[in-house]
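The values are calculated or read from the model by the stated rules, or taken from the named source; none is laboratory data. Note that the structure is a prediction, hence the values are computed from the model and not measured. Glycine gets a Cβ as well: all are built from the backbone with ideal geometry, and neighbour counts include every protein chain shown. Protein only, heavy atoms only, side chains kept; ligands, DNA and RNA dropped before computing areas. Shrake-Rupley method; radii C 1.70, N 1.55, O 1.52, S 1.80 Å.
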Amino acid sequence: YYRLEGKYRSEGLDLSRSVLCTSMARCAELLGPIAEQTHKEIFESPVVNTDDTPVTLAQSSDGGSRKARMWVYLDQEGRHWYDFTESRKRVGPARVFADFTGYIQADAYPGYDRLFLPGGATEVGCWFHARRGFIKAEATDPALAKEAIDRIRVLFKIDEAAADLSDEDRARFRQEKAGPLLEEFRAWMDLTATKVLPKSPMGRAITYAKNQWVALTVYLEDGRLEMTNNAAERAVKPIAIGRKNWLFFQREGGGRTASILMSLLMTAKAAGVHLGDYFKDVLLRISEPDTDVKSLTPHGWKERFEP
């Protein structure tokens with residue numbers, strides 16, 4: 001708001017930071033039901049990707065500054081829903097995923113573990129996370145690290161070859177081509193673990209991969225699943241880049257405002273609609289009586305109202 005205040009002043013507009021802040025909060029209040037509808041639609045899908053990134057909250061509920069969190073949840077059609085919490089405690093994702101029994105693709109954050117108990121959701125691991133450990137080990141165990149990375153590269157090549165197949169055919173192709181290679185990789189890690197120190201970079205990389213093995217190999221069973229959680233990592237990147245400019249949220253309300261506006265902004269970008277046209281039109285329509293919020297989500301608006 002400080003930067004926008006200066007920009008508008010140079011163009012002859014006297015808009016203070018407080019006015020800008022209030023107007024964004026009011027827009028978020030109006031658009032909140034649309035963001036909530038997007039949230040609902042995401043959790044009706046069979047696969048949800050999630051990730052989080054830290055943000056600074058200048059004035060928390062206990063009065064001091066603290067590290068808060070912005071979470072993202074998205075489906076495979078590009079719907080994004082952001083959630084702001086004052087901490088990274090598991091109550092955040094536990095609340096969001098309360099009744100979800102589909103696939104959750106995420107990092108290995110322990111706060112998710114209770115979601116994967118019997119009768120709950122199914123964990124899907126990220127091979128980019130697993131590969132990073134072996135990349136870090138290149139400095140100390142270059143030959144072993146190269147072998148692990150080469151094996152993972154082959155798995156990605158197999159998945160690239162299956163990109164144009166149907167979900168059912170992709171699952172069968174993965175099981176036929178990648179399944180045996182995964183078993184060989186697991187056996188290689190078991191053997192290699194006896195040759196390296198457990199706390200060495202290679203030892204840590206192997207431990208991570210073995211601990212996550214079920215989650216890392218579950219993608220074989222369903223062609224809708226991806227090998228990586230890159231979609232969610234890309235979705236939190238604007239927050240990570242943005243906080244270098246805006247530095248912090250003053251209060252919790254600012255986090256809630258940002259989460260609503262980001263949810264619709266990123267979903268609209270993914271849906272391929274013009275952002276200016278979308279927000280201008282929806283802010284007018286949301287005030288009309290008997291408005292159907294389903295038609296005002298970016299996907300619904302594109303189908304019904306896009307020029």
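Set the Cα radius of gyration of the stretch 105-182 against 2.2 N^0.38 Å, with N its number of residues, and you get 1.33.
The alpha-carbon atoms of the stretch 191-259 define a convex hull whose volume equals 164 cubic angstrom per residue. Taking the Cβ-Cβ separation of residue 67 and residue 113 as r and a Förster radius of 25 Å, what is the calculated FRET efficiency to the nearest 0.05? Efficiency computed from Cβ-Cβ geometry: 0.70. Each of 102, 116, 144 was scored by the projection of its Cα onto the charge dipole of the stretch 93-168, and the greatest displacement toward the positive side belongs to 144; charges sit on the C-beta of Lys, Arg, Asp and Glu. Looking at the stretch 177-212, the trypsin sites (Lys or Arg not before Pro) that sit in a DSSP loop and have at most 13 other Cβ atoms within 10 Å of their own Cβ are 195, 199. With all protein chains in place and a 1.4 Å probe, the accessible surface of the chain carries 53 percent carbon and sulfur. Using only Cα coordinates, the Kirkwood hydrodynamic radius of the stretch 138-204 works out to 13.3 Å. Taking θ as phi - 60° and the Karplus parameters 6.51, -1.76 and 1.60, the scalar couplings of the stretch 297-302 work out to 5, x, 5, x, 5, 4 Hz in sequence order, x denoting glycine and proline. Normalised radius of gyration (Cα atoms, divided by 2.2 N^0.38 Å) for the chain: 1.15. Compared with the alpha-carbon gap, the fully stretched path from residue 45 to residue 288 is longer by 84.6 nm at 0.36 nm per residue. Distances over 24 Å make up what percent of all Cα-Cα pairs in the stretch 200-307? Summing the P(r) tail past 24 Å for the stretch 200-307 gives 52 percent.
Note on the stretch 1-160: Kirkwood hydrodynamic radius from all Cα pairs is 19.3 Å, rounded to one decimal.
A straight chain from residue 77 to residue 146 at 0.36 nm per residue would run longer than the Cα-Cα distance by 21.3 nm. Computed from Cα positions, the angle between helix 275-285 and the longest principal axis of the chain comes to roughly 50 degrees.
Here the 3J(HN,Hα) profile of the stretch 96-111, calculated from phi with Karplus coefficients 6.51, -1.76 and 1.60 at θ = phi - 60°, is 5, 9, 3, 10, 7, 10, x, 9, 10, 9, 7, 7, 8, 4, x, x Hz, Gly and Pro shown as x. Close amide H contacts of residue 80 (hydrogens built in the peptide plane, cut-off under 5 Å, sequence separation of 5 or more or a different chain): 267.
Across the chain, Cα pairs under 8 Å and at least six residues apart give a relative contact order of 25 percent. Normalised by residue number, the volume inside the convex hull of the Cα atoms of the stretch 26-110 is 114 Å³ per residue.
Reported to the nearest whole Å, the Cα centre-to-centre distance from the stretch 244-284 to the stretch 19-60 is 8. Report summary: the helix-based calculation at 222 nm, which adds -39500 (n - 2.57) for every DSSP H run with n ≥ 4 and divides by the residues of the chain, gives -18000 deg cm²/dmol.
Its alpha carbons give the stretch 117-254 an Rg and a Dmax of 17.9, 53 Å.
Overall, the chain carries a charge dipole of about 1400 debye about its Cα centre when +1 sits on the Cβ of Lys and Arg and -1 on the Cβ of Asp and Glu, all other atoms neutral. Computed with a 1.4 Å probe over protein heavy atoms only, the accessible surface of the stretch 1-141 comes to 51 Å² per residue. In the Gaussian network model of the chain, springs joining C-alpha atoms below 10 Å, which of 41, 123, 147 carries the largest mean-square fluctuation? Most flexible of the set in this elastic network: 147.
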